[in-house]
Amino acid sequence: MKILKFGGSSVANHERISNVANIIQSYVKAGEKVAVAVSALGGATDLLIRMGKTAAGGDSSYKLSQEAFSTRHREVVNQLIDYDKHPAILNEIVEGQIELSNLLQGVYLTRELTARTLDYILSFGERSSAFILAQVLKQIGTEASYIDARKVIKTNDSYGRAKVFKEETYANIQKMWKEATGVPIVTGFLASSPQGFPTTLGRGGSDYTASILGAALEAEEIIIYTDVNGVLTADPRKVKKAFPVSTMTYAEAMEMSHFGARVIYPPTIVPALEKNIPIRIKNSFEPEAEGT
Ligand code: ASP
């Protein structure tokens with residue numbers, strides 16, 4: 001089995017979400033077993049952070065950003081889901097938005113944004129994107145289940161960059177994999193604390209989610225879909241002739257990430273390394289390219 005991970009830029013709008021659904025479907029049609037981790041729609045996490053901070057600053061304009069967040073998700077549903085299924089799906093989305101709105105109202109009234117509350121606010125990004133992607137897959141005829149990672153990935157309460165409890169998490173993932181119908185579409189980045197509050201795995205943490213899923217399920221490969229053709233020899237904005245490297249060691253990938261190349265979120269390497277699972281970086285806009 002393989003793990004596929006799609007980052008925010010790969011799911012930034014309805015066309016891209018539809019492209020991602022087609023990529024997932026092509027694996028299923030080729031007889032592959034896959035589980036998917038997905039990020040929030042591109043920019044959604046930044047917007048959620050801004051909303052929280054604006055509300056905590058006593059500025060009611062957070063409501064405008066929240067409206068923009070809601071509209072964006074509703075529009076994606078309107079574009080991608082058949083009209084007769086709209087009410088049920090929009091209902092779920094609206095319920096989430098009411099919860100988010102209550103939470104932000106609390107922050108606004110108390111002028112207080114704790115790390116715990118911020119993680120709760122951030123959870124709405126991946127909860128929305130994964131839910132929508134699962135519905136889009138079902139619509140195009142590929143069975144899929146929306147999986148809220150808060151139910152499976154367990155961490156300590158270091159909100160903002162929580163530490164994963166490996167054994168419990170791996171056991172939960174194995175159970176989830178056995179029980180899920182169709183392709184599990186898992187919220188990247190999210191987990192939950194022993195008290196049951198949402199936690200997050202650090203910015204860029206959806207890569208890490210993919211690696212945790214891969215290690216728990218002993219995947220043959222973890223494929224991280226991004227918006228470039230793999231790990232390039234240089235920053236393509238500065239060096240025109242930059243080209244993708246075909247392979248590199250885990251140590252090299254780790255070193256590059258630490259020196260600022262946005263290859264992969266560094267903690268991602270560890271679960272894959274422990275189980276000796278290759279990580280492939282591919283381009284969701286050019287899925288035929290080999291990647292790194
Ligand atoms: N959405 C989260 C972030 O922007 C996690 C991720 O995309 O990997 O950091």
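Within the stretch 43-65, how many residues turn out to be charged (D, E, K, R) and within 16 Å of the ligand (Cβ to nearest atom)?
3
Of all residues in the stretch 40-64, those satisfying the criterion of being out of contact with any His (no Cβ under 9 Å at 6 or more places or on another chain) and over 20 Å from ALA115 (Cα atoms) are GLY42, SER60, SER61, LYS63, LEU64.
Checking ARG150 against (1) more than 16 Å from the ligand (Cβ to nearest atom); (2) touching a residue at least 24 places away in the same chain (Cβ under 8 Å); (3) surrounded by fewer than 24 Cβ atoms within 10 Å (Cβ to Cβ); (4) not in a loop (DSSP other than H, G, I, E, B), only one condition comes out false. Which one? ARG150 satisfies all of (1) more than 16 Å from the ligand (Cβ to nearest atom); (2) touching a residue at least 24 places away in the same chain (Cβ under 8 Å); (3) surrounded by fewer than 24 Cβ atoms within 10 Å (Cβ to Cβ); (4) not in a loop (DSSP other than H, G, I, E, B) except (1). Residues that are in contact with a strand residue (DSSP E or B) (Cβ under 7 Å, 6 or more places away or on another chain) and aliphatic (A, V, I, L, M) within the stretch 185-216 comprise ILE185, VAL186, LEU190, ALA191, LEU201, ALA210, ILE212, LEU213, listed in sequence order.
Answer yes if at least one residue in the stretch 227-234 is under 17 Å from the mean Cα position of the chain (by Cα) and either within 15 Å of the ligand (Cβ to nearest atom) or surrounded by fewer than 24 Cβ atoms within 10 Å (Cβ to Cβ) (or both), and no otherwise. Yes; the residues of the stretch 227-234 include at least one that is under 17 Å from the mean Cα position of the chain (by Cα) and either within 15 Å of the ligand (Cβ to nearest atom) or surrounded by fewer than 24 Cβ atoms within 10 Å (Cβ to Cβ) (or both).
Of everything in the stretch 187-201 that is in contact with a Phe, Trp or Tyr (Cβ under 9 Å, 6 or more places away or on another chain) and not in a strand (DSSP E or B), the residue that is nearest to LYS163 (Cα to Cα) is LEU201.
From the list THR110, THR142, exactly one residue is at pLDDT 95 or above and more than 30 Å from SER26 (Cα to Cα). Which is it? Quick ask: steps written out before the conclusion?
Numbers: THR142 fails: more than 30 Å from SER26 (Cα to Cα).
After applying the criteria, what remains is THR110.
Among the residues making up the stretch 183-226, those that are within 12 Å of the ligand (Cβ to nearest atom) and surrounded by fewer than 22 Cβ atoms within 10 Å (Cβ to Cβ) are GLY202, ARG203, GLY204. If you check ALA68, ALA115 for being out of contact with any Cys (no Cβ under 9 Å at 6 or more places or on another chain), touching a residue at least 40 places away in the same chain (Cβ under 8 Å), of a type in the set (A, V, I, L, M) and surrounded by fewer than 21 Cβ atoms within 10 Å (Cβ to Cβ), only one passes: ALA115. Taken as a whole, the structure places GLU75 among residues that are surrounded by fewer than 18 Cβ atoms within 10 Å (Cβ to Cβ), part of a helix (DSSP H, G or I) and in contact with a helix residue (DSSP H, G or I) (Cβ under 8 Å, 6 or more places away or on another chain).
Listed here are the residues, each with its yes/no results for (1) charged (D, E, K, R); (2) in contact (Cβ under 8 Å) with a residue 40 or more places away in the chain; (3) touching a Ser or Thr at 6+ places or on another chain (Cβ under 7 Å).
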residue	(1), (2), (3)
ASP157	yes, yes, yes
VAL164	no, yes, yes
TYR170	no, yes, no
ILE173	no, yes, no
LYS178	yes, no, no
VAL186	no, yes, yes
SER192	no, yes, yes
GLN195	no, no, no
PRO198	no, yes, yes
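Checked against the criterion of being out of contact with any strand residue (DSSP E or B) (no Cβ under 9 Å at 6 or more places or on another chain) and free of Cβ contacts under 8 Å to residues at least 40 places away in the same chain, the candidates ILE89, ILE140, ILE98 yield just one match: ILE98.
Every listed requirement among (1) more than 21 Å from the chain's Cα centre (by Cα); (2) surrounded by fewer than 21 Cβ atoms within 10 Å (Cβ to Cβ); (3) assigned to a helix (DSSP H, G or I) is met by GLY58 save one, (3).
The values are calculated or read from the model by the stated rules, or taken from the named source; none is laboratory data. All of these numbers come straight from a predicted model, not from anything done at the bench. Cβ atoms come from the backbone with ideal geometry, glycine included; neighbour counts cover every protein chain shown.
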